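Have a look at the structure below, then the notes.
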Amino acid sequence: MSTNRYKAVIFDLDGVITDTARYHYLAWKRLAASQGVHFDEAFNEHLKGIDRMGSLDLILASAPRAYTPEEKLALADSKNAHYVELISTMSPADLLPGAVEALDACRAAGLKVGLASVSKNAFAVLDMLGIAGKFDYVVDAARIARGKPDPEIFLKAASELGVSPADCLGVEDAVAGVASIKSAGMTALGIGDPAVLAQADRVIAGLDHFALADY
Ligand code: G6P
Ligand code: MG
């Protein structure tokens, strides 16, 4: 297959370009413990790609009591404050191996490059990583009504890039993200474990294995 198969590549951020998935995990783990909820890596897998309030609802579903909307907002704010503290020292050194090379390879092949992260911290993270200028379009998560696995965020990226979804390759580390790409009608490249990302068209271990001509 040639690189001409696509006109755009739309990347997820957390867990694909940088290992912030780890920091989300640590922040949710502390929040869960504070509410008496068991939390482990397996449960965290279901939270990847899920927006902040959606993730909180999933965690609190096994809490011993019910929460008011105000309490939930306060808990979400406290998780985010911890997360922001964890990422505050991020720099270009936190780019995952192969990330910059993958972005540059897409650009060099004449493709549009988009970012589709439901994180409201995405713009700040891109700035800290020093790669904000490498994207033709970054979706503003604050303006997305339905998070992954809904296709809205990938469809928004494609439409802003002026490319039809069928001409897009989406790159994701989350089960919900791969589902979002597939229901948008795009080809999905998974990052991680093929057994977990079973819905992806192809799965690689990381962007250091990214080879555009292969997909
Ligand atoms: C990404 C991460 C999720 C995170 C979500 C919202 O999708 O994979 O773990 O919950 O963004 O991030 P935010 O920074 O807005 O809380
Ligand atoms: Mg992700």
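At-a-glance table
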{"read-out": "LEU31, sole failed condition from (1) within 13 Å of ligand 1 (Cβ to nearest atom); (2) of a type in the set (A, V, I, L, M, F, W, C); (3) modelled with pLDDT of 95 or more; (4) closer than 21 Å to VAL203 by Cβ", "value": "(4)"}
{"read-out": "Test: SER180 is modelled with pLDDT of 95 or more, under 20 Å from ASP19 (Cα atoms) and within 12 Å of ligand 2 (Cβ to nearest atom)", "value": "no"}
{"read-out": "Residue in region 89-106 that is loosely packed, with under 14 Cβ neighbours inside 10 Å and modelled with pLDDT under 95 present", "value": "yes"}
{"read-out": "Hits in region 1-28 - residues which are surrounded by fewer than 22 Cβ atoms within 10 Å (Cβ to Cβ), assigned to a loop (DSSP other than H, G, I, E, B) and within 12 Å of ligand 1 (Cβ to nearest atom)", "value": "ASP19"}
{"read-out": "Considering residues of region 35-60 that are in contact (Cβ under 8 Å) with a residue 40 or more places away in the chain and part of a helix (DSSP H, G or I) only, the residue nearest to ligand 2 (Cβ to nearest atom)", "value": "GLU45"}
{"read-out": "Among (1) assigned to a loop (DSSP other than H, G, I, E, B); (2) closer than 18 Å to GLU101 by Cβ, the one test that ALA198 misses", "value": "(2)"}
{"read-out": "The listed residue being under 23 Å from HIS24 (Cα atoms), within 16 Å of ligand 2 (Cβ to nearest atom) and either surrounded by 14 or more Cβ atoms within 10 Å (Cβ to Cβ) or over 17 Å from the mean Cα position of the chain (by Cα) (or both), out of ASN121, ASN80", "value": "ASN121"}
{"read-out": "Residue match in region 116-124 (condition: among the β-branched types (Val, Ile, Thr), farther than 24 Å from GLU152 by Cα and outside any strand (DSSP E or B))", "value": "no"}
{"read-out": "Checking SER180 against (1) free of Cβ contacts under 8 Å to residues at least 60 places away in the same chain; (2) surrounded by 15 or more Cβ atoms within 10 Å (Cβ to Cβ), the condition it does not meet", "value": "(1)"}
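The values are calculated or read from the model by the stated rules, or taken from the named source; none is laboratory data. Here the structure is a predicted model, which means the values were calculated and not measured. All Cβ positions, even for glycine, are placed from backbone atoms using ideal geometry, and neighbour counts span all protein chains on display.
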